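These notes concern the structure reproduced below.
The values are calculated or read from the model by the stated rules, or taken from the named source; none is laboratory data. Quick caveat, the model's predicted, so the values are computed rather than measured. With ideal geometry, Cβ positions are generated from the backbone for all residues, glycine too; neighbour counts draw on all protein chains shown. The area values use the complete protein model at the heavy-atom level, side chains included, leaving out ligands, DNA and RNA. Shrake-Rupley method; radii C 1.70, N 1.55, O 1.52, S 1.80 Å.
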Amino acid sequence: MKATPGARTWMAAGVRHELLTRVFPALRHDLASPISVIRMAMLMFKHQVTAKPVDTPAWQEKIALVEDQVGALARGVRSLRDWELAVSDEGISRSALVAQCTALMRAAFELNGIGIHVAEGLASEDGEECFPSGAALRYMCLGVLSHLQDGEPPLSAIRIEPEGRDALRFHATRAEAHPAERGQPADPHRAPRKLAIDAVALQLLAEDLGYLVTLDAGTVRLALARSSNH
């Protein structure tokens, strides 16, 4: 039975939920890190409050540290709004999009021995155009990375390159598993096959968000400009 538009919207929401679940450990770490520093600074305050004479420069240093970490924590909390599609944003450049998404995925990739290579053309935002709907583009970029990670044979490296003025091209390099590794338990850092971001899931996400992705033998092209009917 063909899925209704409403059902397809729910399925696309499920894909977005899976992507957010994958990057949540990185988001949680970014929020927890300032809290750990603040807690340590407060312990130092308790130790120094009884010191005589009071070491004023040391207090000023610790206060500046706490203020900096509170700012980082506030920015992290505000950044959670970036995942809400209904919230309007100022857009995002192509290089910033790649930098954000690779940072969120890097730990999981490195744990699996997957190299991430970003072309020099994506090293700087200077003079770059900003594309609207940064939240949607973030889901799309993470969707492509996760799709390549979930494919078979296992991914060994991925290269991200700019294409034209408004697209990204992702190249996957795969290596056959060593005979001794075949039949081993599934990698805990890869999604179960039922939750894998396969070609159908990726296309469903792109259709729902209004972007064009083209898959061709280990290469994925993502257009950053929305189609005219969205």
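For this structure, a couple of remarks:
- Under the simplified labelling scheme, the residue 81-residue 118 pair shows an inter-label distance of 2.4 nm, with each label point 7 Å from Cα along Cα→Cβ.
- Carbon/sulfur fraction of accessible area - the chain, other protein chains in place, 1.4 Å, %: 58 percent
- Computing semi-axes √(5λ) of the Cα gyration tensor in Å directly from the structure and comparing it against (1) 23, 21, 18; (2) 40, 16, 13; (3) 38, 23, 18 singles out (3).
- Among residues other than residue 136 with Cβ under 13 Å from its Cβ, the summed charge is -2 (Lys and Arg +1, Asp and Glu -1).
- Net charge of Cβ neighbours under 11 Å - reference residue 165; Lys, Arg +1; Asp, Glu -1: -3
- Projected label distance in nm at residue 27 and residue 200, using a 7 Å step from Cα toward the beta-carbon: 2.7 nm
- Computed label-point distance, nm, for sites residue 7 and residue 167 using a 7 Å Cα→Cβ extension: 3.2 nm
- At R0 = 45 Å, FRET efficiency that the Cβ-Cβ distance of residue 226 and residue 63 yields, to 0.05: 0.45
- For region 1-123, relative contact order (Cα pairs under 8 Å, six or more residues apart, normalised by length) works out to 28 percent.
- Computed from the Cβ-Cβ distance with R0 of 45 Å, the FRET efficiency linking residue 44 to residue 107 stands at 0.95.
- Relative contact order (percent, whole number), the chain, Cα cutoff 8 Å, 6+ residue spacing: 20 percent
- Average accessible area per residue (Å²) across region 29-160 - probe 1.4 Å, nucleic acids and ligands excluded: 55 Å²
- Burial order of peptide ranges 135-147, 92-104 (average beta-carbon count within 10 Å, highest first): 135-147, 92-104
- 15 Å beta-carbon shell around residue 33, net charge (K/R +1, D/E -1): +1
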